[in-house]
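The values are calculated or read from the model by the stated rules, or taken from the named source; none is laboratory data. Note that the structure is a prediction, hence the values are computed from the model and not measured. Because the Cβ atoms are built from the backbone with ideal geometry, glycine has one as well, and the counts that use them run over all protein chains shown.
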Amino acid sequence: MSIQQLATQGRDRVHGGLAAVDTARLRQMRNASLRSCFTRLEETRYRMELVARIHGKQFINDAAARSINATWYALQNTEDNIIWIAFGGDNQADYARLRPLALRKVHMLLCVGNDTQHLHDTFRGVVPEIRDTDTIAAAVHCACYSLLDHAAVLFSPATPHGLSVETAGRLFCHEVNEL
């Protein structure tokens with residue numbers, strides 16, 4: 001693999017690949033007690049998973065990001081030109097910590113849910129386009145058919161939202177695969 005091919009994979013994919021190499025090396029460790037510490041680690045599902053590339057857009061499932069810090073990590077580790085799908089409803093969330101990254105990277109914010117005013121208030125003037133959608137399905141459809149080319153569609157809720165990580169993650173994957 002050339003360095004250019006490696007670079008186009010994105011930081012999260014490179015980190016995942018390096019982790020796989022480390023995992024293979026850990027399995028060869030001679031110290032059984034040290035090795036057992038690492039065998040208890042489980043992969044987090046729906047954390048920065050590339051679901052598909054459609055119409056020049058990458059769809060990334062980060063349904064496990066149910067905090068501002070987790071979403072900060074997702075935004076930080078996603079290439080520029082982001083269409084961010086987030087859940088509204090948490091009026092106490094400190095979204096302001098995401099403003100510097102959003103200013104640099106997010107070109108469209110799709111707010112899912114009924115109570116999205118806090119997201120609008122926080123990101124007005126920071127993100128060029130903010131839209132409300134009722135469901136994940138509507139947000140995926142809106143992101144896919146937006147005029148923004150070569151974007152990363154990042155589903156990173158940022159707050160707990162009533163759906164389990166598993167349910168939200170599967171729903172996002174399903175809707176992307178239905179496009």
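Okay, here's what the table says:
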read-out	value
Count - residues of region 71-98 that are farther than 17 Å from residue 162 by Cβ and among the aliphatic types (A, V, I, L, M)	6
Helices (runs of 4 or more DSSP H) wholly inside region 93-179 that include at least 1 residues being more than 15 Å from the chain's Cα centre (by Cα) and over 19 Å from residue 62 (Cα atoms)	99-105, 117-123
Residues that are touching a residue at least 60 places away in the same chain (Cβ under 8 Å) and closer than 13 Å to residue 89 by Cβ, drawn from region 125-160	157, 158, 159, 160
Residue match in region 143-156 (condition: of a type in the set (Phe, Trp, Tyr) and modelled with pLDDT of 95 or more)	yes
Candidate set from region 88-112 (those that are closer than 17 Å to residue 150 by Cβ and out of contact with any Cys (no Cβ under 9 Å at 6 or more places or on another chain)); member that is surrounded by the most Cβ atoms within 10 Å (Cβ to Cβ)	106
Residue check for residue 122: free of Cβ contacts under 8 Å to residues at least 60 places away in the same chain, more than 22 Å from residue 163 (Cα to Cα) and among the hydroxyl-bearing types (Ser, Thr, Tyr)	yes
Some residue of region 65-87 being in a loop (DSSP other than H, G, I, E, B) and buried (at least 23 other Cβ atoms within 10 Å of the Cβ)	yes
